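The values are calculated or read from the model by the stated rules, or taken from the named source; none is laboratory data. Everything numeric here is computed off the predicted structure, so don't read it as measured data. Here the Cβ positions follow ideal geometry from the backbone for every residue, glycine too, while neighbour counts run over all protein chains shown. To get the accessible areas, we keep the full protein, side chains included, count just its heavy atoms, and leave off ligands, DNA and RNA. Shrake-Rupley method; radii C 1.70, N 1.55, O 1.52, S 1.80 Å.
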Amino acid sequence: MLLHRYGSIDYILEMGYESGVEQILKAYEKETEQKQWDLYLMRYQHMTKNDFVPFSDFMQKPAQKAAASTKTKEEILEDAEMILASFRKVG
(Lines give C-alpha, C1' and ligand atoms only; values in the text may rest on other atoms or scores of the structure.)
Protein backbone atom coordinates (compact mmCIF):
# COMPACT_ATOMS: atom_id res chain seq x y z
CA MET A 1 0.00 0.00 0.00
CA LEU A 2 2.66 2.54 0.89
CA LEU A 3 4.94 1.19 -1.80
CA HIS A 4 2.45 2.23 -4.48
CA ARG A 5 3.09 5.84 -3.69
CA TYR A 6 6.59 6.05 -2.29
CA GLY A 7 8.48 2.99 -3.50
CA SER A 8 10.25 2.54 -0.16
CA ILE A 9 9.02 2.55 3.40
CA ASP A 10 12.41 2.78 5.10
CA TYR A 11 11.41 6.05 6.74
CA ILE A 12 8.49 4.29 8.45
CA LEU A 13 10.68 1.43 9.60
CA GLU A 14 12.97 3.97 11.26
CA MET A 15 10.10 5.61 13.18
CA GLY A 16 8.96 4.65 16.61
CA TYR A 17 6.44 1.82 16.82
CA GLU A 18 3.38 4.00 17.46
CA SER A 19 4.23 6.55 14.76
CA GLY A 20 4.91 3.81 12.22
CA VAL A 21 1.63 2.07 12.94
CA GLU A 22 -0.24 5.38 12.67
CA GLN A 23 1.35 6.04 9.27
CA ILE A 24 0.44 2.58 8.00
CA LEU A 25 -3.14 2.87 9.26
CA LYS A 26 -3.50 6.29 7.64
CA ALA A 27 -2.17 4.93 4.33
CA TYR A 28 -4.62 2.02 4.53
CA GLU A 29 -7.49 4.42 5.24
CA LYS A 30 -6.56 6.57 2.22
CA GLU A 31 -6.24 3.52 -0.02
CA THR A 32 -9.67 2.29 1.07
CA GLU A 33 -11.15 5.73 0.44
CA GLN A 34 -9.60 5.79 -3.06
CA LYS A 35 -11.08 2.38 -3.85
CA GLN A 36 -14.49 3.58 -2.65
CA TRP A 37 -14.16 6.69 -4.83
CA ASP A 38 -13.30 4.56 -7.87
CA LEU A 39 -16.32 2.34 -7.23
CA TYR A 40 -18.51 5.40 -6.74
CA LEU A 41 -17.38 6.84 -10.09
CA MET A 42 -18.32 3.59 -11.84
CA ARG A 43 -21.77 3.60 -10.24
CA TYR A 44 -22.22 7.35 -10.73
CA GLN A 45 -22.36 6.85 -14.51
CA HIS A 46 -25.56 4.87 -14.11
CA MET A 47 -27.26 7.00 -11.45
CA THR A 48 -30.39 8.93 -12.25
CA LYS A 49 -32.12 11.73 -10.38
CA ASN A 50 -34.22 9.09 -8.61
CA ASP A 51 -31.38 6.95 -7.29
CA PHE A 52 -28.54 9.48 -6.93
CA VAL A 53 -26.43 9.01 -3.79
CA PRO A 54 -23.86 11.61 -2.67
CA PHE A 55 -20.34 10.25 -2.11
CA SER A 56 -20.51 10.99 1.62
CA ASP A 57 -23.57 8.72 1.92
CA PHE A 58 -22.02 6.14 -0.39
CA MET A 59 -18.97 5.89 1.88
CA GLN A 60 -21.21 5.01 4.83
CA LYS A 61 -22.96 2.13 3.05
CA PRO A 62 -20.13 -0.46 2.96
CA ALA A 63 -19.88 -0.42 6.75
CA GLN A 64 -23.62 -0.85 7.08
CA LYS A 65 -23.90 -3.61 4.47
CA ALA A 66 -20.91 -5.56 5.75
CA ALA A 67 -22.92 -6.83 8.71
CA ALA A 68 -25.44 -8.89 6.74
CA SER A 69 -27.10 -8.96 3.36
CA THR A 70 -30.87 -8.73 3.46
CA LYS A 71 -31.40 -9.26 -0.25
CA THR A 72 -33.51 -12.17 -1.36
CA LYS A 73 -32.34 -14.62 -3.98
CA GLU A 74 -34.65 -12.95 -6.50
CA GLU A 75 -33.20 -9.49 -5.79
CA ILE A 76 -29.68 -10.79 -6.22
CA LEU A 77 -30.63 -12.38 -9.54
CA GLU A 78 -32.25 -9.12 -10.67
CA ASP A 79 -29.02 -7.26 -9.83
CA ALA A 80 -27.03 -9.81 -11.82
CA GLU A 81 -29.36 -9.39 -14.80
CA MET A 82 -28.95 -5.59 -14.64
CA ILE A 83 -25.18 -5.97 -14.60
CA LEU A 84 -25.25 -8.32 -17.57
CA ALA A 85 -27.59 -5.97 -19.45
CA SER A 86 -25.22 -3.05 -18.85
CA PHE A 87 -22.34 -5.09 -20.29
CA ARG A 88 -24.42 -5.92 -23.38
CA LYS A 89 -25.08 -2.20 -23.96
CA VAL A 90 -21.38 -1.34 -23.76
CA GLY A 91 -20.19 -4.08 -26.13
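Using a 1.4 Å probe, how large is the accessible area of THR72, given in Å² and rounded to the nearest 10?
Using a 1.4 Å probe on the heavy atoms, I get roughly 60 Å².
Each label point is 7 Å from the Cα along the Cα-to-Cβ direction; what then is the distance between the points at LYS35 and GLU22, in nm?
For LYS35 paired with GLU22, the spin-label model returns 2.5 nm.
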